[in-house]
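J.: The structure is given below, and queries will be raised subsequently.
The values are calculated or read from the model by the stated rules, or taken from the named source; none is laboratory data. None of these values were measured; they are calculated from a predicted model. All Cβ positions, glycine included, derive from the backbone under ideal geometry; neighbour counts span all protein chains shown.
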Amino acid sequence: MSDSLKLSMPHERPNRSMENEKLQGPVGNIGKADHPVQKIQLQSTRDKLKMEDRLDTVVFGSHVSMRNRMERTMLAQYQRLPGLQSSFVGLEAHLDLDETLEFEDFLNRKDMAPVPEMGFHHTMHDVLENKLYNK
């Protein structure tokens, strides 16, 4: 029984790079808050969208709110090739987020940092070659 495969727990593994990467968080953490104030801001945006949907349903009918929801979903799903950051310009324009000046506009976002964060960075070519050869 000593030659049998022993499964180890994640904290017992010698290579903990995946756990370290999880601690640092993804570059584009859309929908997840880094700070309590950011959590409040995200929740207020969700509440604002729900209220607009309810108002559109009452005033214009349910088809308008469903159409807006479908457009938001389609624009959120449209992304660039792997390895390239998606800017979601269409979604920002649909939600009128491009008309306001936020602190990210002049203090930069994480994905625009000149020094990349630690972790696994796969280029677009690496991802596409893996998809091609690992079918």
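J.: Do we find a residue being modelled with pLDDT of 80 or more and either touching a His at 6+ places or on another chain (Cβ under 8 Å) or closer than 26 Å to GLU129 by Cα (or both) anywhere in the stretch 87-99?
T.: Yes, the stretch 87-99 contains at least one residue that is modelled with pLDDT of 80 or more and either touching a His at 6+ places or on another chain (Cβ under 8 Å) or closer than 26 Å to GLU129 by Cα (or both).
J.: So, one more: Which number in (1) of a type in the set (A, V, I, L, M); (2) modelled with pLDDT of 90 or more; (3) surrounded by 12 or more Cβ atoms within 10 Å (Cβ to Cβ) marks the one condition that VAL58 misses?
T.: Condition (3) is where VAL58 drops out.
J.: So which pairs qualify, if the first residue must be in the stretch 69-80 and more than 17 Å from LEU97 (Cα to Cα) and free of Cβ contacts under 8 Å to residues at least 24 places away in the same chain, the second must be polar (S, T, N, Q) and part of a loop (DSSP other than H, G, I, E, B), the Cβ gap must be under 7 Å, and the two must be at least 6 apart or on different chains?
T.: Going by the 7 Å Cβ cut-off, the qualifying pairs are GLN79/SER86; ARG80/SER86.
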